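As structure tokens, the structure follows; a few thoughts come after it.
Just so you know, all these numbers are worked out from the coordinates, no wet-lab data involved. Computed from a prediction, not measured in an experiment: that's the story for all the values here. Glycine gets a Cβ as well: all are built from the backbone with ideal geometry, and neighbour counts include every protein chain shown.
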Amino acid sequence: MRPASDAEHPIVGTGAARRTERHPHTLGWTHPPDGAHARHHPASPAPTIGEVDTELRQTLHRRGLRMTPQRQLVLDAVTELGHATPEAVCTRVQETAPAVNITTVYRTLDLLEQLGVVRHTHLGHGAPTYATAGHEHVHLVCHHCGAVDEIEVDALDQLAEALHASRGFRLDATHVALSGTCRACAERADAELTVDTEDTP
Ligand SMILES: [Zn+2]
Ligand SMILES: [Zn+2]
């Protein structure tokens, strides 16, 4: 029920605009709930787009897409974090733009990947991790401690050639990681094994 004051003072001008934004459902609009709707209108001023974004801006423009502060912030987060899950990217972006949500980050990462600006790698069972497009390595992931090491792609050249020759298979060694035990974990396991053996009568 509307307050009596609304009837006494017909809504006009900017007051009306503000009111409809706060109460979209009373007008039968199909916007998401107020909370989600509000996310598209961050209260804090949008970050200034500096010269660093030129390359992304050009890439977007070539595809007829618009540069937005969110897109730049997501790319910046991927660049700074390295091996960043969407959640980690979201957390970093929210430091600057608190209104950005995980859905926007997912969509932006997908877009940036389609544009060839970022690429994703599966390092383990969890979410994929994102890096800038130039980041091409074979990843070695320790399944004990989660440590990530990187080797050059050509380290697997021999395997890649053999697979291509025998099966016509073209190896993409960068998409998933090789899983194993890192040196530190292996040495610790060996040491524990030695202690156990010494304790045994
Ligand atoms: Zn990497
Ligand atoms: Zn380890």
Cα gyration tensor, the range 136-199 - rounded (a/c under 1.5), prolate or oblate: prolate
GluC sites (Glu not before Pro) restricted to the range 96-201 and DSSP loop, no more than 16 other C-beta within 10 Å: E136, E152
Label point at R183 placed 7 Å out along Cα→Cβ; residues across the range 127-141 whose backbone nitrogen lies under 20 Å: 138-141
Sparse-neighbour loop sites [trypsin sites (Lys or Arg not before Pro); the range 89-189; at most 11 other C-beta within 10 Å; DSSP]: R170
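Suppose we take every Cα in the range 51-131 and form the convex hull; what volume per residue is that in Å³?
In the range 51-131, the Cα convex hull volume per residue is 83 Å³.
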Contact order relative to length of the range 136-199, as percent, for alpha carbon pairs under 8 angstrom and 6 or more apart: 39
The range 94-201: chymotrypsin sites (Phe, Trp or Tyr not before Pro) in DSSP loop, at most 13 other beta carbons within 10 Å: F169
Spread of Cα-to-Cα distances over 10 Å intervals beginning at zero, given as percent, for the range 87-201: 12, 28, 29, 18, 10, 3, 0
